[in-house]
Each structure stands twice: as C-alpha cells, then as structure tokens.
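**Q** Structure below; questions to follow.
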Amino acid sequence: MADTTTGRRERKKAQTRKALADAAVRLFTERGFDSVGVREVAEAADVSLSTLFKHFPSKEALVFDLDADVESALVAAVRDRAPGQSALHALRDHLVGTRTAVRTDDPTFVLVESTPALRDFARRMWSRHEKALAATLADATGLAPDDLAVTGLARFAMEAPGIARASADPARTLRELFALLEHGWATTPLARQGGHTGQDG
C-alpha cells in the first residue's frame, strides 16, 4: 500500500512539474521571458505560487524542467556502461541518442538563445553537469578528478552537441567530432598543411 501511495504521489509531482514547465514555455514564448511573472505561470498551471516554488527554485528553472534528469542520465551513461565499452564511446553514444534531437528551431531552444537570463542559467547548468560528469569519469578511469583527460572530455562532451546541432546531420557530426577526439588531429588534412610536424606549438 505504501508503494502505491508513493507511486501516486510521485506521478502527481511529475504532472505538476510538467504542467508548470509547459505553461511557462508557452507564456514566455508568446510574450517574452521578462514580460511574464511567476504568479501568471502558477495561475496558468492552476497551482499556487508556493507550489511552483516547491518544484522550481527560480523563474529561469521553469524552462529547464529536465535539468536533474539530464545530469543523472549523463552520469549513468558512463557509470552503467556495458562491460568492455570505453567511457568515451559510452558518452558518445549517449549524446548521439539524446542531445542531437534538439533542433535550432525548437521553440524552447529559440527562447533560451534569445533571452540573456536563460542563456546565463543554461551556462551555469551545463557547468554543473560538466563537474558531475568529470567526477564520474574520474571514478570510471581511476584518474584524478583534475586530470586533463577527465576535465577535457567532460568539457568536450558539454560543448560538442552545440556544434553538431547546427549541422544538417547532427548525429553524424557528433560521431565525427568524437572520432576526431579519439584519433587526433594527425588523421586530418590540418596536420599536413604547411609541413608542420606539430612540435612548434
């Protein structure tokens, strides 16, 4: 009985969060982020203002309903990867499957990109995800949390989807970016231009 009650409560919470997030994105898209107050969002979702703040600590957070889920999935992709699969490949496959689906003409993406407060919030959010991912990579590889291989891969993983998203085939582009990271510049024409050996910085 307790499990049923808990399950029902969690479903209700999820429904409330989604209703708030959907109302927020709709209102922000229609009228602009700065022109809509949190009280209006709460009223549109038919909940109290105090309920809104129980689910979302700030106005900006309303646009990033899946923030915690995104970070959990990133961590799980590395931590729970298949036996024999490298952390690099596990991360690549996860990002191809999740981050390339967001298009640059997606209404929420456009809203974030056109709103300085939301861009700043997103940058801070991705920075938190990057730190969590770096810690997981360190655990998975036995390297120190500040090892360049760990911090570099975590930063790359956060930035690469943004590059891929602007291409005609984001999934293919993301795979190519990871291949470049894995195999190095020596495999590209850039390494051969001008006869440089790569030892002159």
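The values are calculated or read from the model by the stated rules, or taken from the named source; none is laboratory data. Computed from a prediction, not measured in an experiment: that's the story for all the values here. Glycine gets a Cβ as well: all are built from the backbone with ideal geometry, and neighbour counts include every protein chain shown. What goes into the accessible areas is simple: the full protein's heavy atoms, side chains included, and nothing from ligands, DNA or RNA. Shrake-Rupley method; radii C 1.70, N 1.55, O 1.52, S 1.80 Å.
**Q** Residues of the stretch 121-154 being out of contact with any Pro (no Cβ under 7 Å at 6 or more places or on another chain) and closer than 16 Å to His94 by Cβ, which ones?
**A** Correct list: Trp126, His129, Glu130, Ala132, Leu133, Thr136, Leu137, Ala140, Leu153, Ala154.
**Q** Still on this structure, please answer the following. Answer yes or no as to whether Thr51 is touching a residue at least 12 places away in the same chain (Cβ under 8 Å), assigned to a helix (DSSP H, G or I) and either polar (S, T, N, Q) or in contact with a strand residue (DSSP E or B) (Cβ under 9 Å, 6 or more places away or on another chain) (or both).
**A** yes
**Q** Are any residues in the stretch 11-33 farther than 19 Å from Phe53 by Cβ and either part of a helix (DSSP H, G or I) or among the hydrophobic types (A, V, I, L, M, F, W, C) (or both), and if so, which ones?
**A** Arg11, Arg26, Thr29, Glu30, Arg31
Matching residues to (1) under 20 Å from Leu137 (Cα atoms); (2) out of contact with any helix residue (DSSP H, G or I) (no Cβ under 7 Å at 6 or more places or on another chain); (3) loosely packed, with under 14 Cβ neighbours inside 10 Å:
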residue: Gln15; (1), (2), (3): no, yes, yes
residue: Ala19; (1), (2), (3): no, yes, no
residue: Asp34; (1), (2), (3): no, yes, yes
residue: Phe56; (1), (2), (3): no, no, no
residue: Lys59; (1), (2), (3): no, no, no
residue: Leu62; (1), (2), (3): no, no, no
residue: Ala77; (1), (2), (3): yes, no, no
residue: Leu88; (1), (2), (3): yes, no, no
residue: Thr108; (1), (2), (3): no, no, no
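**Q** List pairs: first in the stretch 140-160 and at pLDDT below 95, second among the basic types (Lys, Arg), Cβ under 8 Å, 6+ apart or cross-chain?
**A** Close Cβ pairs satisfying both conditions: Ala140/Arg79; Ala140/Arg81.
**Q** If Arg99 meets every condition in (1) basic (Lys, Arg); (2) touching a residue at least 60 places away in the same chain (Cβ under 8 Å); (3) under 17 Å from Gly162 (Cβ atoms); (4) open to solvent by 70 Å² or more (accessible area, probe 1.4 Å) apart from one, which number is that one?
**A** (4)
**Q** Consider Asp46 carefully, then state whether it is within 23 Å of Ala160 (Cα to Cα) and outside any helix (DSSP H, G or I).
**A** So Asp46 does not fit the description; no.
**Q** Among the residues of the stretch 124-155, what is the count of those that are among the β-branched types (Val, Ile, Thr) and open to solvent by 40 Å² or more (accessible area, probe 1.4 Å)?
**A** Summing the residues that are among the β-branched types (Val, Ile, Thr) and open to solvent by 40 Å² or more (accessible area, probe 1.4 Å) in the stretch 124-155 gives 2.
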